[in-house]
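First up is the structure itself, then whatever we jot down about it.
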Amino acid sequence: KQEVTQIPAALSVPEGENLVLNCSFTDSAIYNLQWFRQDPGKGLTSLLLIQSSQREQTSGRLNASLDKSSGRSTLYIAASQPGDSATYLCAVENNFNKFYFGSGTKLNVKP
Amino acid sequence: GAVVSQHPSWVICKSGTSVKIECRSLDFQATTMFWYRQFPKQSLMLMATSNEGSKATYEQGVEKDKFLINHASLTLSTLTVTSAHPEDSSFYICSALGAEQFFGPGTRLTVL
């Protein structure tokens, strides 16, 4: 069964810092990998989707990389802002369209 | 992007009652929808796959008689939590498979 792990579980940084969130998964037979943001008590906001054949995706200050063979993905956030404070979830989708989520990294960006 | 809605957004019920949660794909048809739940401070766990016109398939450990899923049309799947108990209190999120998978905003269920 697919296991998804996210490190660190929590992160607190001052505004303006660049930061990296890590995600690892045990089964490399994935369809794609997706990073989500979740605000407290809210649903999911999709940030970046990386297909299994891709190595990275970028959107604004966010860059996500995927190394499928090693079972790893990173989410890079440049010039962090207080509005980036949220929980970031990594999820892998298998060939049956089932998502397996990590436990998330709770990010706090201090003004 | 495509929109998936859930209704209600939150519900409080008494122990022993049943609660129905709706998941709708608003601007696309979805033969497949998924139901997830999220306990406090935990991640989302897949409960079941909802298939239009056929029975849902449940993940290991999920009671199919307790969590009834009906996918009667290409835009609507419902999850009914039967005889709800406080331990069923959770955040329930659905997703619908279109060009990619789109997630609903979630339903917070509190069972007193």
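We did not get these values from a lab; they are worked out from the coordinates using the rules stated. Values in this document were obtained by computation on a predicted structure and should not be read as measured data. Note that each Cβ is placed from the backbone with ideal geometry, even for glycine, and that neighbours are counted across all protein chains shown.
Computed quantities for the displayed model
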read-out: Coordinate range along principal axes, alpha carbons of the range B:64-112, Å, largest first; value: 38, 21, 13
read-out: Count, lysine Cα pairs under 27 Å in chain A, 8 or more residues apart or across chains; value: 9
read-out: Cβ charges +1 (Lys, Arg) and -1 (Asp, Glu), total dipole of the protein assembly as shown, debye; value: 260
read-out: Relative contact order %, the range A:20-60, counting alpha carbon pairs below 8 Å whose residues are six or more apart; value: 31
read-out: q = 0.07, 0.12, 0.18 Å⁻¹, the protein assembly as shown: log10 I(q)/I(0) [Debye, one scatterer per Cα]; value: -0.22, -0.65, -1.32
read-out: Shielding by partners - mean other protein chain Cβ count within 10 Å, residues of B:28-37; value: 1
read-out: Two-site label geometry, B:Lys20 and B:Leu68: point separation in nm, points 7 Å out along Cα→Cβ; value: 0.9
read-out: Selection from A:Gly104, A:Asn63, A:Ser85 lying farthest towards where the dipole of chain A points positive, charges on Cβ; value: A:Gly104
read-out: Cα convex hull volume per residue for the range A:67-111 (Å³); value: 89
read-out: Average beta carbon contacts from partner chains per residue of B:94-101, 10 Å cutoff; value: 3
read-out: Sum of side-chain charges, B:His71 neighbourhood, beta-carbon under 10 Å (Lys, Arg +1; Asp, Glu -1); value: 0
read-out: Calculated P(r) of chain B - Cα pairs past 21 Å, %; value: 29
read-out: Efficiency of FRET from Cβ geometry, A:Asp39 and A:Glu15, R₀ 22 Å, rounded to 0.05; value: 0.75
read-out: Rule-of-thumb Rg ratio for the range A:31-99 [Cα; 2.2 N^0.38 Å; N residues]; value: 1.12
